[in-house]
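Working notes, structure below.
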Amino acid sequence: MRFGKLASALALTLVAVTAAACGGGDDDANAPKKLVYWASNQGTSLDHDKEVLQPQLDAFEKQTGIEVQLEVIGWPDLLNRILAATTSGAGPDVLNIGNTWSASLQATGALLPFDDATLERIGGKGRFLGPSLAATGAEGQPPAAVPLYGQAYGLYYNKKLFKEAGIERPPATWEELIETGKKLTKDGQWGLTLQAGQVTENAHYASILGAQHGAEFFAADGKPQLASDQAVAALQQYVDLMQKHKIVNPSNAEYTDTAKSLKDVADGKAAMFMNQAAAGSFELAGMNMDDLGVAPIPLPANPPAGHRKVTSFVAGINLAVFENSKNREGALEFVKFLTSTPAQVELNKTYGSLPVVNDAYSDPAFQGADVKVFQDTLSNTAEPMPQVPQESQFETLVGTAMKEMFADVAAGKPVDPASIKSKLVQADEQLAAGS
């Protein structure tokens, strides 16, 4: 389904959400209780996620007698599937959402609000990390979801390739990133790999680099203002990694998932990758973990006026319950289970992400120096994506525009400030029109 139709669907849900039956609830009290769970792709493949999650689902069924029917959905399709479910009512009982979508999906009324009483039923608000809990919906409203996996962006690098090139440390500034990338781009090897064909990832970097340039994509009253000079400069900076500086393989314009970039770094085909916490996935991709290093994403050496010291957005995955689930009690039990300390330790250890409950950090798996990089980033240099109802549309419009820019670069067509400005003006107009 194309974005215009999706946006129309989202607009419809702002006035009414159908109360049709959804998911895996079962009206027959004598029948085995079931839940339908839509999980996001966190590992190296959809099958890998099933392998990671199934033991947890089995443990939950043993504990509660509730069977969970799992479907893992890739990121290119997840938002579309969720939006369709909010209008049809034929959705799951429990689902993962990118935390940046929280305010948008909250506005549909399709998700169960986690008011204070509901939060108490899953262990209480105080169990969760403050920054992660803050990215669960619009300010002043009950959260539309609760955190599941905490994440922040960092710069992963192949220490073996750095050593072979005589580079002693990871880059700390954007200028050093480019210089380092050029030294490491040679003989079929590239300085940096990007998920340049992935809409959501592109939008995340628009937000991070936009903050470094001082861009504000929405005004205080919620009006979109995407086409600022600061935003244009940020997008140009990102696209120029492939276009001007040539430290990114043009084939990355077709990279739509994390697995290919992880594999490139593991195989020595690329030296650096800017991404969310994913150490466990690197290992599964064949990385020698002794060769993997991580540092904060660089900041500009000479930041422009109005810049903000941002190296990540408040990243992560949230867990939501559909309002019209027929098995709400079971759904909340499942949320409580997945956010329990044992499940948080096991799942985040496997995925290389960060626990979202305080108690889990006593586990030795989260005491290492690399984990501390992400914890520090999340606490000190991370900024939430815009917490506005149009956030998911913002991601789709801007991320798609950037995907098209990278495709143009790969095809030899130049991308300049004027062409970037034109795409952002068009996105502004679409947002303002509610389409």
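The values are calculated or read from the model by the stated rules, or taken from the named source; none is laboratory data. Quick caveat: nothing in here was measured; it's all calculated off a predicted structure. Cβ: placed from backbone, ideal geometry, glycine included. Neighbour counts: every protein chain shown.
Odds and ends about this structure:
- Listed conditions (1) surrounded by 15 or more Cβ atoms within 10 Å (Cβ to Cβ); (2) at pLDDT 95 or above; (3) over 18 Å from Gly293 (Cβ atoms) are all met by Glu175, apart from (1).
- Sole exception among (1) of a type in the set (Ser, Thr, Tyr); (2) farther than 21 Å from Leu209 by Cα; (3) under 20 Å from the mean Cα position of the chain (by Cα) for Ser261, by number: (2)
- Only one of the listed residues (Thr400, Thr377) is within 30 Å of Thr341 (Cα to Cα) and among the β-branched types (Val, Ile, Thr). That residue is Thr377.
- Counted residues, the range 51-66 - those being free of Cβ contacts under 8 Å to residues at least 40 places away in the same chain and touching an Asp or Glu at 6+ places or on another chain (Cβ under 6 Å): 1
- Number of the exception - Pro386 against (1) closer than 24 Å to Ala135 by Cβ; (2) part of a helix (DSSP H, G or I): (2)
- Within the range 123-141, residues that are free of Cβ contacts under 8 Å to residues at least 40 places away in the same chain have Cβ atoms under 7 Å from residues that are of a type in the set (S, T, N, Q) in these pairs: Gln141/Gln106, counting only partners at least 6 apart in sequence or on another chain.
- The residue of the range 365-387 that is surrounded by the most Cβ atoms within 10 Å (Cβ to Cβ), among those that are within 30 Å of Gln54 (Cβ to Cβ) and of a type in the set (Gly, Ala, Ser), is Ala365.
- Pair list, Cβ < 8 Å and 6+ apart or interchain, from the range 161-182 residues that are farther than 18 Å from Ile297 by Cβ to residues that are polar (S, T, N, Q): Leu161/Gln189
- Gly330 vs. criteria more than 22 Å from Val356 (Cβ to Cβ) and either in the same structural domain as Ala233 (by TED's automatic domain parsing) or crowded, with 20+ Cβ neighbours inside 10 Å (or both): no
- Test: residue in the range 137-150 that is surrounded by fewer than 24 Cβ atoms within 10 Å (Cβ to Cβ) and in contact with a strand residue (DSSP E or B) (Cβ under 6 Å, 6 or more places away or on another chain): no
- Glu201, sole failed condition from (1) at pLDDT 95 or above; (2) surrounded by 21 or more Cβ atoms within 10 Å (Cβ to Cβ): (1)
- Taking the criterion of being part of a loop (DSSP other than H, G, I, E, B), over 21 Å from Lys309 (Cβ atoms) and of a type outside the set (Lys, Arg), the residues of the range 221-233 that qualify are Asp221, Gly222, Gln225, Leu226, Ala227.
- Within the range 394-429, tally of residues that are part of a helix (DSSP H, G or I), surrounded by 19 or more Cβ atoms within 10 Å (Cβ to Cβ), at pLDDT 95 or above and of a type in the set (Val, Ile, Thr): 3
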